[in-house]
Each structure stands twice: as structure tokens, then as C-alpha cells.
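The values are calculated or read from the model by the stated rules, or taken from the named source; none is laboratory data. Being a predicted model, the structure only gives us computed values, none of them experimental. All Cβ positions, even for glycine, are placed from backbone atoms using ideal geometry, and neighbour counts span all protein chains on display. All accessible areas refer to the heavy atoms of the entire protein, side chains included, with ligands and DNA or RNA removed. Shrake-Rupley method; radii C 1.70, N 1.55, O 1.52, S 1.80 Å.
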Amino acid sequence: MAAVGDEISVGVARRIALGAQGFGDGRPKRGDVRAVRKAIGRAGVLQLDSVNVLTRSHYLPVFSRVGNYPRTTLDKLSWGAERELFEYFWGHKAALIPLTAYPLMRWRMRAAERQVWDKELSPDVTAPWSVVTGMRRLTAERPGYVDQVLRLITEKGPLTAGEASPDGVRRKRTDPDPDPGTGRMWNWQDAKIATEYLFVTGQVTIAGRRHFERIYDLTERVLSAELLASPELTADEARRELVRIAARGLGVATLKELCGGSGQAHFPLPAATARQVIGELTDAGELIPVRVEGVKQQSYRWHEAKDRPIDGQALLSPFDPLIWNRDRTHHLFDFFYRISIYTPAPQRIHGYYVLPFLLGEHLVARVDLKSDRGTSTLVVPTLTPEPDTQDPTDPLAAELQLMAAWLGLDHIEVTATSPLGRAVARAVAD
């Protein structure tokens, strides 16, 4: 690639990124459905995660941008009768995505339906590894099983994966794992493998959630006929639009940040395909090559992205699109961040479920948070300020009070013993 472009400072890149994600607008006066829609549009996708120590992760990016809004609003947009979002995989993760992007996923669904899992032969196949290994086994050991599951959903759906088992046979926990390479956490029952495969290929979709467990139904019974009848884009057209969505949401980013794999981007593409798509958007003037101070890789700025003052104040989910790419977070904010939920307790430094605190245009503290629903208390076990940043005590106390109100918790208990923890404890008590 010949692209190089003008150099921009890391401060400019940081402000562009924050503005692109909606942190330059200030929070709206009302957390109504219009504000929620706008926040989702800025985020691009809302990553789903099962950890519920504070609240489900997909609610948090909207709170960071909107403030106090009814979580039921997002539930209705996600799984209600007049939904505006749908669930689908991006990379190895799952997310809520605006329905306008549904046609852009059809080429991925077609690729998965062919079951050519070899990345050399079919690099566009995107599915969780448990689906790939599980389908290889089911195809060999239980031919026709997936069709039986689909018939059951057709006749009796919507159903959970457990309810969709045509024969009721379940492996016991003491049984050997049929696919040792996936690890016990992802060694699903056969009915789960089948329903997830049908989900990846678009034959079924997520009709709702029951205690956060997916409920599957035929796609034509969940999504509108108008949406499903919309013209199907070519793979090239869909890829370009997916990269546009990522570029608008990131503002300025490298190729890997725009469409790289391993959970680093909104919609990952194979490397060669990514280079082609970015080249096409660069030639069209939609992506502008730039060099970001301190970043060795070529960066690209979305042509409409602007550098403007940022006066943000937000607690950020570990899965917020602003910070989910940890290397990018390090470059832009000089903030080395890793989630600690999988780290053994003695090795945790900043706590279990740690949210960075954005103040102005900087990440100034790490806030470990927990909802104690039994006592209706927002608990702050650990609170760590970043060095050489402004004192966040009062704005952080205000943010904790706002979060407690949003979650319907009556109390805030700051048990953190750091100097900042003691200061915030006094502030929330006043």
C-alpha cells in the first residue's frame, strides 16, 4: 500500500475516537427511546456477555452515553414485538446489531451453511469454534440430526436449546467430552450445537431471552417479512458497508482495529479481504490515510470524523466499543487494561469487574463494581486512580450515584481503602 498520509497527534486521534462514539455530545436531558437509538447507532454494536456481577454488559454502553434510561427500553428494542435490533455473531463473540445491518450478514450465513470450515477454502466463514467442531462431529455421527432439531422448532417453537432436543438425550457431566479441544465450558450438548448452527446460518434467530438463556425460533416468525425480502447485497457490497459502520464508530483506526480478527473489531474479515476493502474505501475518499503519533501501523480516518473538544464523564463497560480493543485503548489513552474476571483472585490488582472511568478526554481511574441485590447496594470494593491525572472524586461520586439510581439500588458502599476510595466514600455519604 502506498497510503501514508498526514501525521496527527495521539490527542487528536483520541478526541476523534471519543467523538465518534458519542462522548462529544454530552448526555441528553431525557433517556428516552430516541436517545437510546442514537447511542446504539454511535456504538455500532452492543456486545453480549453472561457476566452479571454489576448488570448485563449490553446495558452499560447505553448508560455511559445516555445516563439514567429504562433498561426495559433496550429490552423492547432487542427482543420485543417491534424490535429494532437482532442478535448475531461477529468473530467469536455475539452482539446486538441494528436491524438495518441484517442484510449485510446474509453472505456470512450462506458461507456458514456450506459448512466449508477450512479457512483456506472458505475464509469468510465466521462461527464459534464449538459450532465448527460440533458440526463436524454431528455430520459424521448423527446425520439428519440438525434437520430433526429444525423440524421440532418449526412445530413447537420458540424453544431453548434444551427444549429443542428431539430425543431428550443429554450427556452427563461425568461423560467424556466429545470434542476435548473446545474445553468443557464450550462442550455443548448436541441440541445446543444444532440450534447454534441454525442460528449462524440464519435459519433460526433469537426470539428472546429467558434468564438470559437464548430462545430460538424460525427467523421468518421473528423478523418482518419486509426485512427478509429486502434485496440481498453481494459479499463485496456487504463487506464495504460493514467496514463503513466500523469506521464511523471508531473515527480513526488501523486495519486490524477496523476489521481484524480475534475480537478486535466490529466485523472481522480475512486479512487479504480487509486490505482490498480498505483500499477501495480509501480510493473512494471515504477513508483518509493518516499516521497516528506512536502507532507504527497505517491508520485511517473516517472522512466525516472531526476533532472537537470532549468533556466526557462515564463509567465504561469492559466490553464498550471504545475500549474493547485493549491495544488501541493503550495507544489512545496510555491505559493498559485487561479484564480480571478470569484472573485468579490472588493475582488481581484492581478488582474483579473493573470499569475505567472517563473524565474529560482521559481515563482517570479503575472502578471495581458489584451490585449486591440482596441489600440493594452498589458496592465499590476497589478504586484505583491513574497517575498524573486530575482528582476524580466529585465527578466519580456523582457517576456512582447516577448508576445506583439507574440500577434501582438504594445504597452505595465504598469499601475501597485507597485514598481515592476513602474520598469517594465521604463524597457519596454527603
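Are there any strands (runs of 3 or more DSSP E) wholly within the range 361-430 with 3 or more residues that are under 19 Å from Gln313 (Cβ atoms) and of a type in the set (A, V, I, L, M), and if so which?
362-368
Can you tell me which residue within the range 43-57, out of those that are in contact (Cβ under 8 Å) with a residue 60 or more places away in the chain and buried (at least 21 other Cβ atoms within 10 Å of the Cβ), is farthest from Leu77 (Cα to Cα)?
That would be Leu54.
Quick one: is Phe335 in contact with a Leu (Cβ under 8 Å, 6 or more places away or on another chain) and either of a type in the set (Lys, Arg) or part of a loop (DSSP other than H, G, I, E, B) (or both)?
Yes.
Just to be sure I understand, how many residues within the range 406-430 are of a type in the set (Gly, Ala, Ser) and open to solvent by 60 Å² or more (accessible area, probe 1.4 Å)?
1
Could you tell me which numbered condition Glu386 fails, if it satisfies all but one of (1) touching a His at 6+ places or on another chain (Cβ under 8 Å); (2) over 20 Å from Phe23 (Cβ atoms); (3) surrounded by 17 or more Cβ atoms within 10 Å (Cβ to Cβ); (4) not basic (Lys, Arg)?
All conditions are met except number (2).
Taking Gly208 as the residue in question, decide whether it is open to solvent by less than 40 Å² (accessible area, probe 1.4 Å) and not acidic (Asp, Glu).
It is true that Gly208 is open to solvent by less than 40 Å² (accessible area, probe 1.4 Å) and not acidic (Asp, Glu).
In the range 163-184, is there at least one residue being under 30 Å from Leu74 (Cβ atoms) and part of a helix (DSSP H, G or I)?
no
Considering each of Arg142, Arg151, Arg106 in turn, give the residue that is free of Cβ contacts under 8 Å to residues at least 24 places away in the same chain and surrounded by fewer than 21 Cβ atoms within 10 Å (Cβ to Cβ).
Arg151
Taking interchain pairs and intrachain pairs at least six residues apart, which have beta carbon atoms under 6 angstrom, with the first residue in the range 264-279 and within 11 Å of Asp236 (Cα to Cα) and the second open to solvent by less than 30 Å² (accessible area, probe 1.4 Å)?
Ala274/Cys259; Val277/Arg239; Val277/Val243
Any idea which residue in the range 166-200 is surrounded by the fewest Cβ atoms within 10 Å (Cβ to Cβ), counting only those that are of a type in the set (S, T, N, Q) and modelled with pLDDT under 95?
Restricting to residues being of a type in the set (S, T, N, Q) and modelled with pLDDT under 95, the top hit is Thr174.
Taking the condition of being among the aliphatic types (A, V, I, L, M), part of a helix (DSSP H, G or I) and either touching a Phe, Trp or Tyr at 6+ places or on another chain (Cβ under 8 Å) or at pLDDT 95 or above (or both), how many residues in the range 237-272 meet it?
Final tally of qualifying residues: 9.
Considering only residues that are within 22 Å of the chain's Cα centre (by Cα), among the aliphatic types (A, V, I, L, M) and outside any helix (DSSP H, G or I), which ones fall in the range 309-332?
Ala314, Leu315, Leu316, Leu322, Ile323 - these are the residues of the range 309-332 that are within 22 Å of the chain's Cα centre (by Cα), among the aliphatic types (A, V, I, L, M) and outside any helix (DSSP H, G or I).
Filter the range 273-294 down to residues that are outside any strand (DSSP E or B), of a type outside the set (Gly, Ala, Ser) and open to solvent by 10 Å² or more (accessible area, probe 1.4 Å), then give me how many there are.
The total comes to 8.
Out of the residues in the range 342-359 meeting the condition of being assigned to a loop (DSSP other than H, G, I, E, B) and touching a Pro at 6+ places or on another chain (Cβ under 8 Å), tell me which one is most open to solvent (accessible area, probe 1.4 Å).
My answer is Tyr352.
Could you please let me know if Gln401 is under 17 Å from Asn68 (Cα atoms) and either modelled with pLDDT under 95 or in contact with a helix residue (DSSP H, G or I) (Cβ under 8 Å, 6 or more places away or on another chain) (or both)?
Yes.
Just to be sure, is Asp32 of a type outside the set (A, V, I, L, M), open to solvent by 50 Å² or more (accessible area, probe 1.4 Å) and touching a residue at least 24 places away in the same chain (Cβ under 8 Å)?
For Asp32, the condition - of a type outside the set (A, V, I, L, M), open to solvent by 50 Å² or more (accessible area, probe 1.4 Å) and touching a residue at least 24 places away in the same chain (Cβ under 8 Å) - is not met.
Among the numbered criteria (1) under 22 Å from Ala17 (Cα atoms); (2) open to solvent by 30 Å² or more (accessible area, probe 1.4 Å); (3) touching a Gly at 6+ places or on another chain (Cβ under 8 Å), which one does His362 miss?
Only one criterion is unmet by His362, namely (3).
Can you report the number of residues in the range 295-326 which are touching a residue at least 60 places away in the same chain (Cβ under 8 Å) and either on the phi > 0 side of the Ramachandran plot or exposed (fewer than 14 other Cβ atoms within 10 Å of the Cβ) (or both)?
Adding up the residues that qualify gives 4.
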